[in-house]
Amino acid sequence: MKPVYLLGFIPFIGILVGSVFASKVNAIVLGMPFLLFWHTLWLVISSGILLIIYKFDPINKEENE
């Protein structure tokens, strides 16, 4: 497995493990309950990580040429 693919595990861990801790917080962030904010934040972070994986994957470079 290529090291860049290991980045794909970060959102999984962030959402799964972080949700356990985020569900105990009773704060409101940007008008949303903290757990909803946590999932929305990880949605954006996951998109960025997938973009990084796409850019560094050599298979995608071969298709563009």
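Bear in mind that the values in this text are calculations on the coordinates, not laboratory data. All figures in this text were calculated on a predicted structure; none of them were measured in a lab. Cβ atoms come from the backbone with ideal geometry, glycine included; neighbour counts cover every protein chain shown.
Over the chain, what is the relative contact order in whole percent, taking alpha-carbon pairs under 8 Å and six or more residues apart?
Working: 34 pairs, mean separation 23.9, N = 65.
This gives 37 percent for the chain.
Here the sum of -39500 (n - 2.57) over DSSP H runs of 4 or more residues, divided by the residues of the chain, equals -22000 deg cm²/dmol at 222 nm, to the nearest 500.
Give me Val20, Val4 ranked fewest to most by other Cβ atoms within 10 Å of their Cβ, as a rough exposure proxy. Working shown, then result.
On the way: Val20 8, Val4 15.
So the residues, fewest neighbours to most, are Val20, Val4.
About its Cα centre, what dipole magnitude does the chain give when the only charges are +1 on Lys and Arg Cβ and -1 on Asp and Glu Cβ, stated in debye to the nearest 20?
I would put it at about 320 debye.
Put simply, the C-alpha atoms of the chain give a gyration tensor, and the ellipsoid matching it has half-axes of 32, 13, 5 Å, longest first.
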